[in-house]
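I'd like to ask some things about the structure below.
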Amino acid sequence: MSLPGAPQIAYRGDELFIEDCSLSELARRHGTPLYVYSRTSMLAALAGYERALAGREHLVCYAMKANSNLAVLQTFAQAGCGFDIVSGGELERVLAAGVAPSKVVFSGVGKTRAEMRRALDVGVLCFNVESESELEVLSQVASASGATARVSLRVNPDVDAGTHPYISTGLKGNKFGIAHEHAVACYERAAALPGLQVVGIDFHIGSQIADTGPYLDALERMLDLVEAIEARGIPIHHLDLGGGLGITYTDEAPPSAQALVTSLLARIDARGHGHRMIMFEPGRSLVGNAGVLVSEVLYLKPGTGPNGDPAGSAKNFCIVDAAMNDLMRPAMYQAWMRIVACRLRDEPAVVCDVVGPVCESGDWLGRDRPLAVREGEFIAVLSAGAYGMTMASNYNTRGRAAEVMVAGDRAWLIRDREAATELFRGEHLLPLA
C-alpha cells in the first residue's frame, strides 16, 4: 500500500518500506532521528522535467537550498543537472560534489563581494542579479578581477502565487527581484556597465505552488519585457522560469512537472520565443516526496481533563526523539506533514500531538494525529526530503540527524550523526584564573 505523494514509500504487510528497505530496520541500524531519501524518487521527479524539455536547449538547475547533502548533489549532477545556489557556502558544496561551475547559477538578494569574486574565479554560468545596487557592485568586482560576469536580471512580476507568505517571492512586498516597471531601465544599465554581459532574464514567484495560473501570468509579463528589452538592442539568450512547483503533503493536487513545463513551453512557442534556451530551478518538487524523517517514540503521555479525568478534553502526547531543531517546517510555517507508524498495529488509534523533547511549546511535528504506536517503536514524517535537514539547527545543543540514501535494497549512510563534542569544538573558555 503506497502512501499519498510518495510512491516509493509503502507498507509491505505491517512494515513501512522506502524502496526495498525497511524504515524500522534502518532506524535500528543508524539510530534516530534519521533522514532517509529515495534515490529512485529523486530521479523520477527529475525525469518529468526532462521529458517535457526534450529536444530543446535547456538546463534544469536543482535549487540546492531544498536539500544540499553531497550525495543528493552527486545524484543530480550525474543525471546532467545544473545547480541554483544562493550563497558562497552552497558554491563550495557543489564544487565538492564534483559539479562543473559552468552549470551553476548564482541567485540570492545579498551576495557579498567575496562571494562574487569566488564565483567569478571558478567561472559560474550566470549571476541572477536581484537589485540595481547589486548590478553596480558586480560590475566593480568583475572589472577589478579582469573578468566578465554573465548576468540575468531576476524580475519581480508582482504575481500572487497563492502560497504561504513566508515563501511567496513574486509580489511587490517581497524582497526579491527588480520591480517589473524598472526592469527595462535596469537592462539598459547592465548593458552599459563594464565587466557585465547580459545573457538572460529570470523570475521566481514562490514555493509550494499548486496552480499553473500564476506561472503563466508571470511568463506573459516576462515575455513582454523580453520584447521590450530586445527592441533596445539588448539580446536575451535564455529564459529562466524559476521553480516553486508544489508537492503533495496532504490533499494538494499540483500539476505534474511535465504538465507544467508543457503548458509554459506552449505559451513561449505561441509568442515566438521557442528558439531561446530554457532554464528551470526546481527544488522541493525534486526531493520533497523522496524523503522521510524517522523518529523513535519515547513516551506516550495520556491527557487528563478536569480533576484528573482521563476522559476529559486535554491533549494526548506522543513524545518522540525528533524535534523542531530537526524539522523546522511545522513550527515555522504551521506546515502539515503526514505522520505514520513504521509498523501497523491492529488496535485502535489514539489522537495525539506528536511532539519533541526541545524545551518549547512550539516544538511539535504534528497536531491531532491518529496513531497506533507503542513506546520504543518508530514513526515516519513523510515528504521531509525538502527543507528538513537544510533548515536543521543545534538548538538545545542537539546534534543534527544522520542521513541515509537508498536505492532498491541498498542503503548508504551519507551523513554522520553529529556528536555533542562537535557542537562546541570551535568555542573557547575565558583564560581566567
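Starting from the 7 Å offset along Cα-to-Cβ, what nm value, one decimal, do you get for the label separation of MET277 and ALA314?
It is 6.3 nm.
Using a Gaussian network model on the chain with a 10 Å cutoff between Cα atoms, which of GLY146, GLY366, GLY274 fluctuates the most?
Per the Cα network of the chain with a 10 Å cutoff, GLY146 tops the list.
I want the antiparallel fraction of DSSP beta bridges within the stretch 226-366, as a percent rounded to 5.
Bridges in the stretch 226-366 that DSSP calls antiparallel: roughly 50 percent.
Indicate, rounded to the nearest 5 percent, the antiparallel portion of the DSSP beta bridges found entirely in the chain.
The answer is about 50 percent antiparallel.
Which far-off residues, 5 or more places away or on another chain, put their amide H under 5 Å from the one on PHE83, with H placed in the peptide plane?
Residues meeting the criterion, in which the H sits 1.01 Å from N, are TYR62, VAL104, VAL105.
Near the amide H of CYS352, under 5 Å away, which other amide H atoms are found, from residues 5 or more places off or on another chain, if H is placed in the peptide plane?
ASP368, ARG369, LEU371
Distance from the Cα centre of the stretch 189-211 to that of the stretch 22-52, in angstrom?
If you average the Cα positions of each part, the centres end up 32 Å apart.
Any idea how far apart SER133 and ARG410 come out in nm if each label point goes 7 Å out from Cα toward Cβ?
Computed distance between label sites SER133 and ARG410 equals 4.9 nm.
Further question on the same structure: Give the residues of the stretch 21-62 whose amide nitrogen is closer than 13 Å to a point set 7 Å from the Cα of ARG118 in the direction of its Cβ.
It comes to no residues whatsoever.
What whole number of Å gives the distance from the Cα centroid of the stretch 64-90 to the Cα centroid of the stretch 350-415?
The distance from the Cα centre of the stretch 350-415 to that of the stretch 64-90 comes to 23 Å.
Where in the chain are the DSSP H helices whose C-alpha atoms run 24 Å or more along the long axis and whose mean Kyte hydropathy is at least 0.5?
None pass (Cα extent of 24 Å or more, hydropathy at least 0.5).
When N counts the residues of the stretch 107-282, how does its alpha-carbon radius of gyration compare numerically with 2.2 N^0.38 Å, as a ratio?
1.03
How do 261-269, 218-226, 59-67 rank on mean C-beta neighbours within 10 Å, highest first?
Listed from highest to lowest mean packing, they are 59-67, 218-226, 261-269.
Excluding residues fewer than 8 places away in the same chain, name every one of the aspartates and glutamates whose C-alpha is closer than 14 Å to that of LYS65.
Of all the aspartates and glutamates, those that pass the test against LYS65 - Cα under 14 Å, at least 8 places apart if same chain - are ASP84, GLU90, GLU92, GLU281.
Here, each number is a calculation from the coordinates, and none is a lab measurement. Just so it is clear, the structure is predicted and the values come from calculations on it, not from any experiment. Ideal geometry is used to build each Cβ from the backbone, glycine not excepted, and the neighbour counts take in all protein chains shown.
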